[in-house]
Amino acid sequence: MSAEEKIQGMASAKIDRRKLLRGASAAVPAILTLQSGAALARSSNLIGTNQYAGAQDGKYNCLDFDGIDRTDKPNVYDLGSPPMGHVTRIDADSRYFKNDPDDSHHHGYGGGGYGGGNDDVSKRQMCAEGGTYYRKNRWRTSRVNVKRGMLVSATALSSFSSGINYTDV
């Protein structure tokens with residue numbers, strides 16, 4: 001091998017090494033982004049709440065604040081990893097009261113809690129305040145508990161289906 005061939009071989013090896021290093025440095029940002037995978041996983045467990053969410057499939061979905069974390073964004077909560085939460089589904093067609101409508105002290109003029117003295121409570125208010133309420137069906141009154149939370153859409157919940165427990169009231 002002549003001296004000229006040796007120099008050419010060394011030069012091409014240097015160029016190959018430069019290409020390798022340049023390629024490696026181009027890959028570094030991608031590797032660093034992989035390090036923040038936890039942040040990516042966390043962001044995929046965020047859920048937005050909407051105090052104006054309406055009933056879907058005849059139910060209002062009230063996501064409990066228990067066990068979930070606030071984020072720095074308003075009305076956005078982190079369900080954790082793995083994502084878990086509890087939703088109380090409030091029946092859209094039922095009437096709910098703060099006080100037992102069958103209790104004689106709370107009867108309005110119409111009787112049964114349906115008259116002028118009734119204390120109906122909205123589904124939004126039930127979710128926002130939480131507490132014990134009374135659901136009045138045609139012949140029966142049942143006591144229900146709702147944990148304080150925020151309304152969410154069924155669509156927002158669908159992506160966390162395996163981690164959400166539901167209670168119907």
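The values are calculated or read from the model by the stated rules, or taken from the named source; none is laboratory data. Keep in mind that what you see is a predicted model, and the values were worked out from it rather than measured. Backbone-built Cβ (ideal geometry, glycine too); neighbour counts: all protein chains shown.
Residues that are under 21 Å from residue 66 (Cα atoms) and either in contact with a strand residue (DSSP E or B) (Cβ under 6 Å, 6 or more places away or on another chain) or loosely packed, with under 13 Cβ neighbours inside 10 Å (or both) within the range 130-142 comprise 130, 132, 133, listed in sequence order. Could you tell me whether any residue of the range 43-58 is modelled with pLDDT under 65, over 29 Å from residue 144 (Cα atoms) and out of contact with any helix residue (DSSP H, G or I) (no Cβ under 9 Å at 6 or more places or on another chain)? Checked against the condition, which is being modelled with pLDDT under 65, over 29 Å from residue 144 (Cα atoms) and out of contact with any helix residue (DSSP H, G or I) (no Cβ under 9 Å at 6 or more places or on another chain), the range 43-58 yields at least one hit.
Summed over the range 43-72, the residues that are without any contact (Cβ under 8 Å) to a residue 12 or more places away in the chain and either more than 19 Å from residue 155 (Cα to Cα) or of a type in the set (A, V, I, L, M) (or both) give a count of 3.
Scanning the range 137-169 for residues that are in a loop (DSSP other than H, G, I, E, B) and closer than 18 Å to residue 58 by Cα yields 137, 138, 153, 169.
Set side by side, the residues 122, 158, 153, 162 differ, and just one is within 14 Å of the chain's Cα centre (by Cα) and at pLDDT 90 or above, which is 153.
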